[in-house]
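Enquirer: Here's a structure for you.
The values are calculated or read from the model by the stated rules, or taken from the named source; none is laboratory data. As the structure is a prediction and not an experimental result, all values here were calculated from the model. Positions of Cβ are backbone-derived with ideal geometry, glycine not excepted, and every protein chain shown enters the neighbour counts.
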Amino acid sequence: MKVPLACSESEEDHPPPLRGGSPGSRTPNLPACVDSIRSSPFPVPARLWNDWRWQMKNRIRDVSSLLSGQASEADVEGARRAAERFPMAITPYYASLIQKLDPRDPIFRMSVPQLDELCDPVYLRRDPLEEDRDMPIPGLVHRYRDRALIVTTSTCAMYCRHCTRKRVAGQRDSVLSPSSMRKISAYLRAHPEIHDVIVSGGDAFTMSTRALERVLACVRAVPSVDIIRIGTRVPVTMPMRVTDELVDMLKRYHPQWINVHFNHPVEMSAEASAACAKLADAGIPLGNQSVLLRGVNDDLRVMEELCRKLVRNRVRPYYLFQCDLVRGVEHFRTPLTRGVQIMEYLRGRISGLAIPLFIVDTLHGSGKVPVLPNYVVSQSPTHTVLRNYQGFLTSYPEPFAVEPIPIDNASLGVSDLACGRITKLVPGPEPGHHRKARVVAGSRRNHKRKGFAMASASSGRRA
Ligand code: SF4
């Protein structure tokens, strides 16, 4: 279709057609403001649409402009109140993936505030993973012995409604200062046990390439750091940010890994696919961390399609997270059994390479727990009974004699309890251990105060 052009020189300047529409045609179900951005008579030239700074500058931040005339007054008011508590920002690109202005649309549901975000049962928390308390210095989370996470910025291209860091993301725009970065560098040098540094946020890809390079150079200069991991949702929400300039810079800081965050197959558009290809071509292994979200991807076939699309795009499905117990996400939470059901469905249906681990990130910063369907049906000293994904039972004979693995006192674990080499396990001096001990002691004191009987450590739960 010939499109009347208002502010571009040629048809090549135009962005690719919207899903379900074409440049110059109004697609009734699209958000009015996005439709007007991309459609005739004021089309956005491709050179702007494909410019990530233009996308950042033109993020939709006002609920009324998105919903006016398209939703009931009550819904608009509910969304406005939710956005007052948790900020909203949607890139025009991501908004263009919306098919219907309706919470049943997965893209709408993940990006547009809803009144439900104000419903907070008592078990939801501001910081369920207690990251703030595992920060030895501002901007650095050190929870696990060999890993640390740097919070580089509080800005994201889009503020996901299900975000675990709602307390940070978008609440105030800030970037790590040079003096904070110097302190982080000193901390990493003083802790040579840290081999893996995760560069996170907010979203580090919203920083300028030069600012991000300063962070990466600083981390890479620490001799004990082996790998750098970047966690980003930008290839999903603003794929035009993955420029040649960015990729050329990243290539200088190998070995590194990037974890992206796709939740729904619709998010793997042609643009997102091209962004993943650029990163993969630069030799960066890509993993995906999804969150299981009610009404978005808590469906067997949706999850299968997502996993297939990811591997086709050289992205390894890494984790499927159970929704954290964070305030404002109750309407996204699913029962744990839903995740187990999805894992049951995927096993045997798609390649193991395409199956993520289903993970619950536990309270008090106690770490990630994989939750699996039960494949071990029974065990005796001579045989283990296993079932496969179809329910077929088989027995695995154990070998006659096995040499015990020598005890390594530096890394005792549950496996040492299981084979009877130790009778008691007390967690070692991990970062945050003392705080967790206090949490347990504190809750025990509280229970005593309230007159509850507490199971003692010698009650049989621990040998
Ligand atoms: S991009 Fe990540 S940090 Fe930012 S809002 Fe989304 S989930 Fe949260």
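Enquirer: Going by the structure shown, is SER174 modelled with pLDDT of 90 or more and either within 16 Å of the chain's Cα centre (by Cα) or closer than 20 Å to ILE198 by Cα (or both)? Steps first, answer last, please.
Expert: Numbers: modelled with pLDDT of 90 or more: no; either within 16 Å of the chain's Cα centre (by Cα) or closer than 20 Å to ILE198 by Cα (or both): yes.
No; evaluated as a whole, the condition is false for this residue.
Enquirer: Any chance segment 247-266 includes a residue that's assigned to a helix (DSSP H, G or I), touching a strand residue (DSSP E or B) at 6+ places or on another chain (Cβ under 9 Å) and among the polar types (S, T, N, Q)? Outline the logic, then answer.
Expert: As a first pass, look at segment 247-266 and keep what is assigned to a helix (DSSP H, G or I): 247-253, 265-266.
Adding the requirement that they be touching a strand residue (DSSP E or B) at 6+ places or on another chain (Cβ under 9 Å) leaves 250, 253.
Filter once more, keeping what is among the polar types (S, T, N, Q): none.
No: zero hits.
Enquirer: Can you tell me which residues in segment 45-69 are out of contact with any Ser or Thr (no Cβ under 9 Å at 6 or more places or on another chain) and within 21 Å of ARG85 (Cα to Cα)?
Expert: ARG61, ASP62, VAL63, SER64, SER65, LEU66, LEU67, SER68
Enquirer: Can I ask one more? Hey, ARG229 hits all of (1) in a loop (DSSP other than H, G, I, E, B); (2) more than 22 Å from ARG59 (Cβ to Cβ); (3) not acidic (Asp, Glu) but one; which does it fall short on?
Expert: Condition (1) is where ARG229 drops out.
Enquirer: Still on this structure, please answer the following. So GLY202 passes all but one of these: (1) under 30 Å from GLU117 (Cα atoms); (2) more than 10 Å from the ligand (Cβ to nearest atom); (3) without any contact (Cβ under 8 Å) to a residue 60 or more places away in the chain; (4) not charged (D, E, K, R). Which condition number does it fail?
Expert: (2)
Enquirer: Here is a further query. Restricting to segment 29-66, name every residue that is surrounded by fewer than 21 Cβ atoms within 10 Å (Cβ to Cβ), outside any loop (DSSP other than H, G, I, E, B) and modelled with pLDDT of 85 or more.
Expert: Scanning segment 29-66 gives ALA46, ARG47, LEU48, TRP52, ARG53, TRP54, MET56, LYS57, SER64.
Enquirer: Next question, about the same structure. Looking at this structure, is ILE194 crowded, with 20+ Cβ neighbours inside 10 Å, among the β-branched types (Val, Ile, Thr) and either away from the ligand (no atom under 13 Å from the Cβ) or not assigned by TED's automatic domain parsing to the domain that holds GLY365 (or both)? Break it down stepwise before answering.
Expert: On the way: crowded, with 20+ Cβ neighbours inside 10 Å: yes; among the β-branched types (Val, Ile, Thr): yes; either away from the ligand (no atom under 13 Å from the Cβ) or not assigned by TED's automatic domain parsing to the domain that holds GLY365 (or both): yes.
For ILE194, the condition - crowded, with 20+ Cβ neighbours inside 10 Å, among the β-branched types (Val, Ile, Thr) and either away from the ligand (no atom under 13 Å from the Cβ) or not assigned by TED's automatic domain parsing to the domain that holds GLY365 (or both) - is met.
Enquirer: Within segment 176-191, how many residues turn out to be surrounded by fewer than 20 Cβ atoms within 10 Å (Cβ to Cβ) and either within 16 Å of the ligand (Cβ to nearest atom) or of a type in the set (Lys, Arg) (or both)?
Expert: Qualifying residue count for the region: 3.
Enquirer: Give segment 205-244 a look and list any residue that's in contact with a helix residue (DSSP H, G or I) (Cβ under 6 Å, 6 or more places away or on another chain), β-branched (Val, Ile, Thr), closer than 19 Å to GLN55 by Cα and away from the ligand (no atom under 15 Å from the Cβ), or say none.
Expert: If the condition is that a residue be in contact with a helix residue (DSSP H, G or I) (Cβ under 6 Å, 6 or more places away or on another chain), β-branched (Val, Ile, Thr), closer than 19 Å to GLN55 by Cα and away from the ligand (no atom under 15 Å from the Cβ), then THR209 is the only one that fits.
Enquirer: Sticking with this one: Has segment 287-296 got any residue that is in contact with a strand residue (DSSP E or B) (Cβ under 9 Å, 6 or more places away or on another chain), of a type in the set (Val, Ile, Thr), assigned by TED's automatic domain parsing to the domain that holds SER273 and surrounded by 16 or more Cβ atoms within 10 Å (Cβ to Cβ)? Full working, then the answer.
Expert: Residues of segment 287-296 that are in contact with a strand residue (DSSP E or B) (Cβ under 9 Å, 6 or more places away or on another chain), as a first pass: 287-292.
After this cut, where a residue has to be of a type in the set (Val, Ile, Thr) as well, the list is 291.
Now drop any that are not assigned by TED's automatic domain parsing to the domain that holds SER273, which leaves 291.
Now restrict to residues that are surrounded by 16 or more Cβ atoms within 10 Å (Cβ to Cβ): 291.
So far as segment 287-296 goes, yes, one or more of its residues are in contact with a strand residue (DSSP E or B) (Cβ under 9 Å, 6 or more places away or on another chain), of a type in the set (Val, Ile, Thr), assigned by TED's automatic domain parsing to the domain that holds SER273 and surrounded by 16 or more Cβ atoms within 10 Å (Cβ to Cβ).
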